[in-house]
Amino acid sequence: MKTITLKSPFDMHLHLRDNDMLKLVAPLTSDTFTGAIIMPNLVPPVDTKEAVTAYKNRIMDAVSDKTFNPMMTLFFKPYTKEFLEDVRDEITALKLYPAGITTNSEGGVESIDTIALAPTLNAMIDLDIPLCIHGETNGFVMDREAEFMSVYEELAIAFPKLKIIMEHITTKDAVEMVQKYDNLYATITLQHLLITLDDVAGGMLQPHLFCKPIAKRYEDRDALLNIALSGHPKIMFGSDSAPHPKHAKEACGCAAGVFTSPIALQVLVELFEKNNCLDNLQKFISDNACKIYNMKPSSKDVTLEKKDFIVPKAYEAYGETVVPMYAGETITWSIKS
Ligand code: NCD
Ligand code: ZN
């Protein structure tokens, strides 16, 4: 049977939530990934050293593989250099959300003013802390990311030594922008390599494919796919796997977020194989991230085999139920146990 081994796979943008949902979803990442960048948008947001370390401990209690590396982030606010120095060893990055732009981002930044934010951003440069950004304005939903490009550009020029990660890019504009400045990098999700707005809302509404940023046009999807398949050194896999309880997705007022952790590696192998680019998957899933974040790969290898995997209709435990992308469908690759 055909197999492929991925060395030290990382998920560079992951929502693990807390409490029972954390217990349910954490093993579904730690089973196959060696580590992940953990998003801080809990309620309340992770914005103190105590909150970071306590959350990390709860994650380690919940994961199946105790060698799993949860790379913690701090919810971006104007912090002092003293504070950042003190928390430096506990975190990998800061995550900036424009206020109110997505799930639990109410405490985010009201306006991205390079002068007002300079003390914090300069301290991050001194301490070599990357800045991860959710890059959307509150404009028309299909234009939100494109409208944010001028902000990325302004930050990239004003802080050339700041490592800026454009999180979950969804547009051709972002694919062009990330290549324009040396200090810009990007993550791409699974769903944005596969779907467009047609899949979300072109027929019957598909709540399990609804996320922020919303999936865009065919030319956007193709630009994302091309740069990911090429193994471009500035592009990393970040699933943005964002579990919400089934009742919050299948509801009037559907929560944004696509749950992909348990299918991510299988679908990526299928996609890269279909496009004859399997040789570049190792870069997308680990090597590029290691270079961008100055990380050492771990010794965890994951082998997949070309064998059908029927995606469960839902994952249920601890009183929580969450529906994955492609629920009930068949993927042609499985994790080799
Ligand atoms: C994420 C969530 O649910 O926390 N939702 C999403 O649609 N991607 C937040 C985010 O990354 O925007
Ligand atoms: Zn996210």
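For the reader, a short list of remarks on this structure follows.
- Only one of the numbered conditions (1) farther than 18 Å from S8 by Cα; (2) within 14 Å of ligand 1 (Cβ to nearest atom) is not met by A223, and that is (2).
- Selected residue (criterion: nearest to the chain's Cα centre (by Cα)) from residues of region 190-207 that are closer than 17 Å to A327 by Cβ and within 16 Å of ligand 2 (Cβ to nearest atom): L190
- Residue count for region 34-69, restricted to those that are part of a strand (DSSP E or B) and within 16 Å of ligand 1 (Cβ to nearest atom): 3.
- Answer residue from region 70-126, given it is within 16 Å of ligand 1 (Cβ to nearest atom) and of a type in the set (S, T, N, Q) and is surrounded by the most Cβ atoms within 10 Å (Cβ to Cβ) among those: T73
- Condition check for K172: in contact (Cβ under 8 Å) with a residue 60 or more places away in the chain, out of contact with any strand residue (DSSP E or B) (no Cβ under 6 Å at 6 or more places or on another chain) and not aromatic (F, W, Y): no
- Those strands (runs of 3 or more DSSP E) lying entirely in region 283-337 with at least 3 residues in contact (Cβ under 8 Å) with a residue 60 or more places away in the chain and in contact with a strand residue (DSSP E or B) (Cβ under 6 Å, 6 or more places away or on another chain): 301-305
- Region 127-142: number of residues that are farther than 15 Å from T102 by Cα and either touching a Ser or Thr at 6+ places or on another chain (Cβ under 6 Å) or surrounded by 14 or more Cβ atoms within 10 Å (Cβ to Cβ) (or both): 3
- When region 233-271 is filtered for residues that are surrounded by fewer than 20 Cβ atoms within 10 Å (Cβ to Cβ) and in a loop (DSSP other than H, G, I, E, B), the ones remaining, listed by number, are P233, K234, P245, E250, A251, C252, G253, C254, A255, A256.
- Looking only at region 140-198, and only at residues there that are touching a Gly at 6+ places or on another chain (Cβ under 6 Å) and closer than 13 Å to M236 by Cβ, the one that is farthest from ligand 1 (Cβ to nearest atom): M166
- When residues in region 87-102 are screened for being without any contact (Cβ under 8 Å) to a residue 40 or more places away in the chain, out of contact with any Lys or Arg (no Cβ under 6 Å at 6 or more places or on another chain), away from ligand 2 (no atom under 15 Å from the Cβ) and not in a loop (DSSP other than H, G, I, E, B), 1 of them pass.
- From the list K216, K274, K283, the lone residue that is away from ligand 2 (no atom under 16 Å from the Cβ), surrounded by fewer than 23 Cβ atoms within 10 Å (Cβ to Cβ) and within 18 Å of the chain's Cα centre (by Cα) is K283.
- Residue under evaluation H247, criteria (1) within 19 Å of M166 (Cβ to Cβ); (2) within 16 Å of ligand 1 (Cβ to nearest atom), criterion not met: (1)
- For beta carbons closer than 7 Å, sequence separation of 6+ or different chains, a first residue in region 244-266 that is under 14 Å from Q206 (Cα atoms) and a second that is among the polar types (S, T, N, Q) and within 16 Å of ligand 2 (Cβ to nearest atom), the qualifying pairs are A255/T103; A256/T102; A256/T103; G257/T103; V258/Q191; F259/S241.
- When restricted to residues that are touching a residue at least 24 places away in the same chain (Cβ under 8 Å) and over 23 Å from I37 (Cβ atoms), region 146-169 contains 5.
- Scope region 1-33; condition hydroxyl-bearing (S, T, Y) and either in a loop (DSSP other than H, G, I, E, B) or within 12 Å of ligand 1 (Cβ to nearest atom) (or both); matching residues: S8, T32
- Criterion applied to K56, K2 was being modelled with pLDDT of 95 or more and farther than 23 Å from P297 by Cα, and the one residue passing it is K2.
- Within region 286-309, if we keep just the residues that are in contact with a helix residue (DSSP H, G or I) (Cβ under 8 Å, 6 or more places away or on another chain) and crowded, with 16+ Cβ neighbours inside 10 Å, the residue that is farthest from D89 (Cα to Cα) turns out to be F309.
The values are calculated or read from the model by the stated rules, or taken from the named source; none is laboratory data. In this text the structure is predicted, and so the values were computed from the model without any measurement. Methodologically, a virtual Cβ is constructed for each residue, glycine included, from the backbone with ideal geometry; neighbour enumeration extends over all protein chains shown.
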